[in-house]
Amino acid sequence: MLLDLRSTCHKRLWVAMDRWFLCKDFFNWLAGHNFDWVTKAKKNTVLYCKYFDPVSRKEQYKKVNPKELLRTVYKQLSTLGKGGVISIPDIYIKLPYNT
């Protein structure tokens, strides 16, 4: 259904998910088909941002909490006004996997 919607609409599509309904298979499918997603980040949500570590010369993931993210984009949010939306790119969540 989402692929059919994308074929008729050439704008950027976002999939909103309830944070308790984060199905790993569905999430991987969304990521594999380049869909953007949005979910509510509560105080105890662990998020990660990607950065390049010059010492190891590799991309690494650093934990970041929602308060820190809001601090970094506060100026942009305050100038948007009521009903404004902002996207924070390159934020990741850790998905469980079977061992």
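When both residues are 6+ apart or on different chains and their Cβ atoms are under 8 Å apart, which pairs have a first residue that lies in the stretch 86-99 and is under 16 Å from ASN65 (Cβ atoms) and hydroxyl-bearing (Ser, Thr, Tyr), and a second that is at pLDDT 70 or above and open to solvent by 70 Å² or more (accessible area, probe 1.4 Å)?
TYR92/LYS50; TYR92/TYR61
Could you tell me which residue of the stretch 41-83 is farthest from ILE93 (Cα to Cα), considering only residues that are in a strand (DSSP E or B) and open to solvent by less than 50 Å² (accessible area, probe 1.4 Å)?
This residue is ASP53.
Can you say whether CYS23 is exposed (fewer than 11 other Cβ atoms within 10 Å of the Cβ) and at pLDDT 75 or above, as far as the supplied structure shows?
For CYS23, the condition - exposed (fewer than 11 other Cβ atoms within 10 Å of the Cβ) and at pLDDT 75 or above - is not met.
The values are calculated or read from the model by the stated rules, or taken from the named source; none is laboratory data. Because the structure is a prediction, the values reported are computed rather than measured. Glycine gets a Cβ as well: all are built from the backbone with ideal geometry, and neighbour counts include every protein chain shown. The area values use the complete protein model at the heavy-atom level, side chains included, leaving out ligands, DNA and RNA. Shrake-Rupley method; radii C 1.70, N 1.55, O 1.52, S 1.80 Å.
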